[in-house]
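Reading through the structure tokens given below for one structure.
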Amino acid sequence: MKRLFVIATGSAGKIRDFAHILGTDHYEFKTLKDIGFDEDIIEDGNSFAENAIIKSNTTAQWLAKRNIEATVLADDSGLEVFALNGEPGIYSARYCGKHGDDEANNVKLMQKLEGIEDRKARYFCALSYQTVTKNEQGEFVISKPIIFEGECRGEINHAPVGDMGFGYDPLFVPDGETRTFAQMELEEKKVISHRGNAIRALKKALGK
């Protein structure tokens, strides 16, 4: 019987990343939508790790109340520019003040970096791992979260280039590359991506 992994996301694309790296021989993967979870999760943590834990713990509690054994995975990620003290950080998706406006976020970042020579940055991902298991007394117990981290280092370009990415991909040039993430094919990005590296760290810990 395959071990159930619930990925705390509604994104089918994200779940494919987990399935691709961890494999499907031993694991079955489901999204929040797949299990019927439709609650709002308030991500009000002060770090990527805190937000990831909020998502994994909320999901684990939901499963425990319904007597469902599973492993929960939740990630939170974003861009950190070192010369800007880690901005936009946990506010990556709403840097401009509006959630999900990629173009406005990129414009604000370029404005912030005007006149700054050091444009080194990284995409960072924190992945929270928790289990919901049934103990000898028949109680469903939630484990403490374990955090796995992944990063992809690079620099911020002076202008957006490419149309295949999202977020800050048109501005981010990974180390060893001359192209931005938005100029790279998805399969190329997966090999070096921050989320991919966090999942690979988890895979190593699982030993499979």
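Laboratory data are not the source of any read-out in this text; all were calculated from the coordinates shown. Note that the structure is a prediction, hence the values are computed from the model and not measured. Reconstructed Cβ throughout: ideal geometry from the backbone, glycine too, with neighbour counts over all protein chains shown.
Kindly provide the chymotrypsin sites (Phe, Trp or Tyr not before Pro) of the stretch 112-208 that DSSP labels as loop, not H, G, I, E or B, and whose Cβ sees at most 15 other Cβ atoms within 10 Å.
Here the sparse-neighbourhood loop sites are F166.
Once the other residues with Cβ under 15 Å from the Cβ of V132 are scored (Lys, Arg +1; Asp, Glu -1), what is the net sum?
+4
Within the set of other residues whose C-beta is less than 11 Å from the C-beta of I147, count the net charge using Lys and Arg as +1 and Asp and Glu as -1.
-3
With a sphere of radius 12 Å drawn around the Cβ of A201, what net charge do the other residues whose Cβ falls strictly inside it have (Lys, Arg +1; Asp, Glu -1)?
+1
Amide H to amide H, which residues 5 or more places from G78 or on other chains are under 5 Å from it, using H placed in the peptide plane?
Those qualifying (amide H under 5 Å, at least 5 residues apart or on another chain) are F124.
Write down, largest first, the equivalent ellipsoid semi-axes of the stretch 6-101 in whole Å, where each equals the square root of 5 times an eigenvalue of the alpha-carbon gyration tensor.
After diagonalising the Cα gyration tensor, the semi-axes are 27, 16, 12 Å.
Whose amide H sits under 5 Å from the amide H of E43, counting only residues 5 or more places off or on another chain, with H placed in the peptide plane?
none
Just tell me the longest site-free run in the chain, where the sites are GluC sites (Glu not before Pro) in a DSSP loop having at most 10 other beta-carbon atoms within 10 Å.
The segment 40-113 is the longest one with no such site.
So what is the diffusion coefficient of the stretch 3-206 in µm² per second by Stokes-Einstein at 37 °C and 0.692 mPa s, using a Kirkwood Rh over Cα pairs?
Translational diffusion coefficient: 184 µm²/s.
Give me a comma-separated list of calculated 3J(HN,Hα) values for the stretch 2-8, in order, Karplus coefficients 6.51, -1.76, 1.60 applied at θ = phi - 60°, integers in Hz, x for any Gly or Pro.
My calculation for the stretch 2-8 gives 6, 7, 7, 10, 9, 8, 6 Hz in order.
What are the ³J(HN,Hα) values, in whole Hz, obtained from phi via the Karplus relation 6.51 cos²θ - 1.76 cosθ + 1.60 with θ = phi - 60°, for each residue of the stretch 11-21 in sequence order, with x given for Gly and Pro?
Those phi angles translate into 8, 5, x, 5, 5, 5, 4, 5, 5, 5, 7 Hz.
Using amide H atoms built 1.01 Å from N in the peptide plane, name the residues 5+ places from N157, or on other chains, whose amide H lies under 5 Å from its own.
Sorted by chain and number, the residues that satisfy this are F172, V173.
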